[in-house]
Each structure stands twice: as structure tokens, then as C-alpha cells.
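Working notes for the structure below.
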Amino acid sequence: MRKNCFLPILLLILPLHNAFAETAEEKGLAIAVEADKRDTGWVDQTADLEMILTNKHGESSRRTMKLKSLEVDGDGDKSLTIFDKPRDIKGTAFLSHTHALKPDDQWLYLPALKRIKRISSANKSGPFVGSEFAYEDLSSQEVEKYTYKWLRDETIDGHDVFVIERFPQYKNSGYTRQISWMDKEMYQPRKVEFYDRKNTLLKTLVSSDYEQYLDQYWRPGKMEMVNHQTGKKTDLIWKDYQFKNGLGDRDFDRNTLKRAR
Amino acid sequence: MKYKIFIFLFAILISTNTPANEWSGYLGTEFRYFTQDPRDPGQHDENLSLVFEPEYYHEWDKGTQSLAFVPFFRLDQHDNERTHFDIRELTWLKVAENWELRVGLRKVFWGVIEFQHLVDIINQTDLVENIDTEDKLGQPMINLALINDWGTVDLFIMPYFRERTFPGIEGRPRNQPVVDTDLSKYESSAEEKHIDLAIRYSHYFGDWDIGVAHFYGTSRDPRLLPTVNRSGALILAPFYDIINQTSIDLQATKGNMLWKLEALHRSGQGETYNAVAGGFEYTFVGIFDSAIDLGVLGEYHYDDRGESAATIFEDDLATGMRFAFNDAQSSEILMGLIWDRNTGGKFLNIEASRRIGNDWLLEMETRLLFNQSSSDPAFAISRDDYLELFLTYNF
């Protein structure tokens, strides 16, 4: 009887022992790799996005856009953002072929002139259409873009989370580091703090209303970014996520920009 | 039969694929104030104008077919030529994996340079709108784009030519003397029915974007020939030559720096000539710890016809600054100065825009000319400095 009990206990101890041998950096990376693995295989995705910009006086303005993304094996994803509101920029489209560490390829389509303009992707830290989200916050999240460090485990709002620090490795980031509260069940962030180049807390992102799609992929219904230094905030309301729509490279090329709706 | 066609059209219009039956567009009012007395006493110091450009869009067949319709109306206080109607776009589009076919009236843009659009040739300029030549008339065409791994080849057949619009006798800014479009002449006996052709290859290689094109057909920019009209007045009569033009446009995107080049070789319009425009745009992201981006532009424009060239860009340096405030109102200011190296003439442009609320957009534009030599084409408008306010409601 005793002998029979011993083996299961040993099996329990072995993985724990491995965990103790792992450094905080290794554990942080392992969590990022697991998150990436779990979010692989969605092939393509479309969603409608409403963006509400609020200034420190409480005045708000709205933008709506459609987002399409294509998963690319061994490279960053391709994405196409098509603006619908405000109406003066309706039809403006932003195409990005992202890469892990090498600069992204980006084009902007200006419908009034019917002009496709290759734009610099060096602007990572600048605001995306006047919002509190920087280009780098909305870009494809590849594992290689950061180095990681596991800080501790915590519980926020009843959810068990890993608290991980990550440090951008790509050029022109506006951040020294980010701290991410990664849900242990979903492997998706519930909260992220962004520290500016002077290592001062700049922004906090809270993601909520997660739903699971295709029995695997968790997506937030709401993301709220607060800028602590300016008092401004931006809410993203995500709607109508759809996966595996049969999109391909042709839906993310320069020709598509001219007819994106 | 007609009944069946109607049913078919109706079925298309109510089909549930998105976006179906979408209307958008803008309604605007423009005010221009000219700071100097006009060269011609028939011209005015102030001008008010209304503009309406709705857009209808419908797509079906899972988005692989679509129809776009964009009529344009302008009502101008003084200039009968500027009061006009155009169909900017009426296009049927069919998309397949390896090709895209477009039939109808539409606008096509080629090029990378900011201060002029040297290689852009498919559409006629709607010059009564603005002297920046960025407003275009809808061009009737059949355009087949062949999409390959090695790049896109666009073929254009343009069965009907659109004459350039020119301001009327009371219009401002305008040529001196006035251009009389009733006296337009063509080299081709087919006149505006000459079938114009174009081919363009475009692609990108890493951070290089390239376009190579050839155009054969009616020159979009006419020669303006001094002529005496029936009532004995001196006017300018447009003459449209048949030309061949080969062009290249190139951009290298290196971090915050964009390097740009456009060049063309044209024959058939007087002596054969070459023109080139090259330059850069460098963006400083988030200047002074703010959200404001500052773009600095520098360009050089050359035309080997020299002073006889019918362009203001025959040997000119251009420099500019673009402020993007990255705020909720998408505020922007663009300032540009063109300096003629031979005559010392200067042309200053300032454009600014800011959204008001969610639906209104206010734009400001000013164009000022200094030290224009009487030998330069810009001399005609040298007393037409103006300030413009343009307010639009977008829906």
C-alpha cells in the first residue's frame, strides 16, 4: 500500500522540481511561447472595431473600421485596416506586412487622390489615428519581439494570472518595458502596463469580455487604454469576429488597397 | 425584356452581401479671398462656391464584383466654367485571383513625388477646381490588371478623351489671356475619339516600390496657343498633341527616410524632352516629447526644355514641412515653398485641415507668389494670391 502511494508522489514532485530549476526569464519565455502556440492556426480573421477617443475633459469622438488579418507561417501576420468613420477618412486603408524584428512593410491608401503610398514603419511609438494606442500596441505580437521575465503569480478579479515583464527588442519602441497580467486559462492578457522611455508608467490597458471562438481562440470584446500622463483614454469595442473566411495573400496585396471596403 | 432587366438589377441591389447600397460623400462650401487687384478687371476679389460629391457603392458575388458611382457638382459664384458637373467615377469591377477588370469612368494615380505629379497621366486635370492639378475628371476606360508573383501589369484602353477644364473670363486664378475651350484643336483627326493606350508595371522589392509605364495617346496637358477669336479678342486656344511618354517612379523606404524619384521621356509635343523630379521626405516622430510628427521634404524638379517648358517646374527646388498632430481631430499643416533657380520666383503653399465634431472638416489653403518673372508660366497667376476656407459636411 505504502509502496503504491510513493510513485504518484514522485511523479508530482518531478515537474515541480523542474519548475524550480527554471529561471524567471525561462519561465517568462515559456509562457509567451505557450500563448503563441495556443493562438496559432486561426488562418484568417475579420472583425469590426469601434474606437472611442475621450480627452481629459470627457469629450469623445468615434472611429469605426474593419480589420482583416492573415496568419503567416514563420513571419509576422498581414493585416488590413479599412476606415469607415469619421466619414472624411472613409475608404482610407492601411496595409501592413509585419515581421518579427525586421521593419514591417506598410502602405496607406488615400481614396481622395486614389493614391497608394508606401509609408515608413519606423513610427512604432506614434499614436494610431489619434488614439492612445500606438502602432506597436496593435501590431502582430510575435514571440521574438520581446525578451521576457516571469515576476509572480497573482489573482485579479477572481482570475489566476501570470505577471510577466517583457522588454521590446525591435527598433523605435516607445517603451522600456511592459508588465502583462496573463490569464492562466486563456493565455491572453487581462491587463498590461506600459512604461515609457524614461521608465515611468505611461498607460494601462485592460482587456475584458473575452469570448472563445472555434473552441480555441480567445478574443476580447473590449479594450480600454488609459494614458496616465495626459488623462486621455481610448476604448476599443470589438464586434463580429469571424475566422477562416478563406482569405489569402491576394486579400492583403497592394491591389486590394484600391478596392478595400 | 425590360421588365426582366429591372428584376435583375433589383435583385442585385437588394442582395444581402455587404456592403450593399452604401451612400456616402460630402457637401461643402468654399470661400476664396484674393489679396491683390486682379490682372483682368473682369475678375473678382472674393468668391463663394458650393460643392456636392455623393458616392454610391454596391458589391455582390462575395465582394468579387462591385459598382461605384461618384457624381460631382460645383456651383460657383462668378465663374461659369467652374460651375460644372462631372462623373468622377462610374465603374464596374470584377476581381479574380490573378486579374482585376475595371470598366467605366474612374481615376488612377501614379507617382511618389509631393510637389507635382510628373508621371501621373491617365486622367485629365479638372483645373477649374484647383491649380494644384490634384482634381481629376473621370476617365472612360477598360483597365485589366494582371496580377503575378513578379508584379502587377495594368493595361488601359481609353476610348474617349476629356478636355482639360480652364477657368472662364471671371475665374480666378487663371491664365492671361483667358483660355477658350471652344477653340480646342487636336493633332489627331479622330479628335477626342482617339483611342489612347497605356501599360504599367508596378511592384515592390523589399523596401523599394517601383512603377514603369508607357502611354500613347492624346496629351493631357495641351499647348496653349495665342489666337484671335471671332470677336477679335486675344485668347489662348488649347492644342492637344498625340504623344508617347515613358516613365518611371521609384521610392525607397529606409526607416524614417523616404527617397523618391520620378522621370519621364516624352515625344510628340514639340521637341522630344525629358523631365525628372527627385527628393526625400524625412519624418521626425513625436517631436519635443509630443504626439506631433514633423515631416521635412526636399525635392528638385528639372525639365530639359528649360525656360521654354510649359511647366513651372523646369529648374526648381522645393522644400516643405508637414505637421501631423495625431490628435482626435486629425489636425495637419503642410507648408511648401517652390523656388525657381533661374528667375528667383517663389511660390508658397500652406494647407491645413482639422475635423470638427465627427462629421465636419475645415480646410484652409493659401497660395502666394513672389518675384515671378514674366517669362515663367506662373506669371499669369502672380497677382492671384489667395486664402481659401473650405468647410465640408461628410456623410
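The values are calculated or read from the model by the stated rules, or taken from the named source; none is laboratory data. Only a predicted model underlies this, so the values are computations on that prediction, with no experimental measurement involved. Using ideal geometry, Cβ is built from the backbone for each residue, glycine included, and neighbour counts are taken over all protein chains shown. Calculation scope for accessible area: heavy atoms of the full protein, side chains included, ligands and nucleic acids excluded. Shrake-Rupley method; radii C 1.70, N 1.55, O 1.52, S 1.80 Å.
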*To the nearest 100 Å², how much accessible surface do chains B and A cover up together, summed over both, with a 1.4 Å probe?*
3400
_Solvent-accessible area per residue for chain A (1.4 angstrom probe, square angstrom)_ = 49
*Whole-number percent relative contact order across segment A:25-257, with pairs defined as alpha carbons under 8 Å at least 6 apart*: 21
*How big is the charge dipole of the protein assembly as shown about its Cα centre, in debye rounded to the nearest 20, if each Lys and Arg gets +1 on its Cβ and each Asp and Glu gets -1 on its Cβ?*
1340
*P(r) tail for segment B:23-394, what percent of Cα pairs lie past 37 Å?*
20
*What residues in segment B:346-395 lose 40 Å² or more of accessible surface when the other protein chains are added to their chain alone (1.4 Å probe)?*
B:Arg355, B:Asn358, B:Asn394
_Mean residue ellipticity (222 nm) of the protein assembly as shown, computed from DSSP H runs ≥ 4 via -39,500 (n - 2.57), nearest 500_ = -2500 deg cm²/dmol
*Across chain B, how many lysine pairs, 8 or more apart or on two chains, come within less than 26 Å at their alpha-carbon atoms?*
18
*Going by alpha carbons, how many degrees (0 to 90, nearest 10) lie between the helix axis of A:2-21 and the longest principal axis of chain A?*
40
_In whole Å, what are the extents of chain A along the principal axes defined by its C-alpha atoms, from largest to smallest?_
81, 43, 32
*How far apart, in nm, are the 7 Å Cα→Cβ label points at B:Met335 and A:Glu26?*
5.9
*asked:* Residues of segment B:130-162 that become at least 10 Å² less accessible with every protein chain present than in their own chain isolated, using 1.4 Å: which are they?
replied: B:Glu134, B:Ile147, B:Thr152, B:Asp154
*Based on the alpha-carbon gyration tensor of segment A:97-237, what equivalent-ellipsoid semi-axes (square roots of 5 times the eigenvalues) come out, in whole Å, largest first?*
27, 18, 16
*Which residues of segment A:123-159 bury at least 20 Å² of accessible area once all protein chains are present, versus their chain alone (1.4 Å probe)?*
A:Asn123, A:Pro127, A:Gly130
*Give the Rg/Rh ratio for segment B:91-225, taking Rg as the radius of gyration of the Cα atoms and Rh as the Kirkwood radius, to two decimals.*
1.01
*Kirkwood hydrodynamic radius of the protein assembly as shown from all distinct Cα pairs, in Å?*
27.7
*With a Förster radius of 30 Å, plug the Cβ-Cβ distance of B:Gln77 and B:Ser231 into 1/(1 + (r/R0)^6) and report the FRET value to the nearest 0.05.*
0.75
*Solvent exposure of chain B as accessible area per residue, Å², 1.4 Å probe*: 46
*Residue among B:Gly278, B:Pro167, B:Ser184 farthest towards the positive dipole end of segment B:23-394, charges placed on Cβ*: B:Ser184
*What percentage of the solvent-accessible surface of the protein assembly as shown, computed with a 1.4 Å probe over protein heavy atoms, is contributed by carbon and sulfur atoms?*
58
*Run the quick spin-label model on B:Ala190 and B:Ala352: label points 7 Å from Cα toward the beta carbon, then report their separation in nm to one decimal.*
5.0
_What do you get for chymotrypsin sites (Phe, Trp or Tyr not before Pro) in segment B:93-196 restricted to DSSP loop and a cutoff of at most 15 other Cβ within 10 Å of the site's Cβ?_
B:Trp150, B:Tyr160
